[in-house]
Amino acid sequence: MSVAGVLLAAGNGSRLGQPKALVELAGSTLAERGVALLRGGGASPVIVVSGAVPVEIPGVVAVHNPEWETGMGSSLATGLRALVSGDASAAVIALADQPLVGAESVRRLIAAHETGAAVAVAAYDGKPRNPVLIAREHWPAVLELATGDTGARPFLRAHQDLVTLVECADTGRPDDVDTQEDLARVRSEATARSIESF
């Protein structure tokens, strides 16, 4: 049984002024970086959920979310539904707008799943963030609760007993690229840390 990857890359980046999936950072788009994050961490297959703009990356299944404007919840649901017919035992969900997250975080989540974790969440200095791994048996419950812009959060809050926190502060950072100021800061960080190797 494999662990799939789902990259949520559907938003139009209203505060940023352009769709985040196509923003360039260190020679790659944020969507390409997100795919590399999931692949580098061992996730296969990788699904990219697009919305505001088409996303085409070789070797990746792109699934369009026609309801992308309703928020992250519908994109998460679109990604998980695309995996239902496959045999993945779990899915790692990552966000295209967090390019400083490292592939090692995905590896650690998958390792936690292999040793019994049904839900594994990357934590940074003890605070749960992204990416998130959810085992197949919990996808229906996630789909039921995934609405608006909250993604998997309602499910995680309702089932805290299932959550295994996996510390990943040494593997990268979950900084969001929401504004031009965020992008400038992340680009500076990328240059300083040479995150092309992530």
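Every number in this text was worked out from the coordinates using simple rules, so none of it is lab data. Because the structure is predicted, anything quoted here is derived from the model rather than measured. Positions of Cβ are backbone-derived with ideal geometry, glycine not excepted, and every protein chain shown enters the neighbour counts.
Take LEU80 and tell me if it is farther than 29 Å from GLN180 by Cβ and either of a type in the set (A, V, I, L, M) or touching a strand residue (DSSP E or B) at 6+ places or on another chain (Cβ under 8 Å) (or both).
Against the criterion (farther than 29 Å from GLN180 by Cβ and either of a type in the set (A, V, I, L, M) or touching a strand residue (DSSP E or B) at 6+ places or on another chain (Cβ under 8 Å) (or both)), LEU80 qualifies.
Any residue in segment 20-35 that is farther than 18 Å from VAL63 by Cα sitting within a Cβ distance under 6 Å of a residue that is outside any helix (DSSP H, G or I)? List the pairs, counting only those 6 or more apart or interchain.
LEU25/PRO99
For the structure I just gave you, tell me whether ALA52 is within 18 Å of ALA10 (Cα to Cα) and touching a Phe, Trp or Tyr at 6+ places or on another chain (Cβ under 8 Å).
yes
Restricting to segment 56-88, count the residues that are β-branched (Val, Ile, Thr) and in a loop (DSSP other than H, G, I, E, B).
3
Could you say which residue among VAL142, VAL163, VAL177, VAL84 is within 14 Å of the chain's Cα centre (by Cα) and either surrounded by 21 or more Cβ atoms within 10 Å (Cβ to Cβ) or over 27 Å from SER28 (Cβ atoms) (or both)?
Only one candidate passes the filter, namely VAL177.
Out of (1) of a type in the set (Val, Ile, Thr); (2) assigned to a helix (DSSP H, G or I); (3) free of Cβ contacts under 8 Å to residues at least 60 places away in the same chain, the odd one out for ILE134 is which?
(2)
Can you confirm whether segment 89-105 contains a residue that is in contact (Cβ under 8 Å) with a residue 40 or more places away in the chain, part of a helix (DSSP H, G or I) and either surrounded by 23 or more Cβ atoms within 10 Å (Cβ to Cβ) or in contact with an Asp or Glu (Cβ under 6 Å, 6 or more places away or on another chain) (or both)?
For segment 89-105, residues in contact (Cβ under 8 Å) with a residue 40 or more places away in the chain, part of a helix (DSSP H, G or I) and either surrounded by 23 or more Cβ atoms within 10 Å (Cβ to Cβ) or in contact with an Asp or Glu (Cβ under 6 Å, 6 or more places away or on another chain) (or both): present.
Pick out the one residue from VAL23, VAL63 that is surrounded by fewer than 24 Cβ atoms within 10 Å (Cβ to Cβ), among the β-branched types (Val, Ile, Thr), touching a strand residue (DSSP E or B) at 6+ places or on another chain (Cβ under 9 Å) and farther than 15 Å from GLY5 by Cβ.
VAL23 is the lone residue from the list that is surrounded by fewer than 24 Cβ atoms within 10 Å (Cβ to Cβ), among the β-branched types (Val, Ile, Thr), touching a strand residue (DSSP E or B) at 6+ places or on another chain (Cβ under 9 Å) and farther than 15 Å from GLY5 by Cβ.
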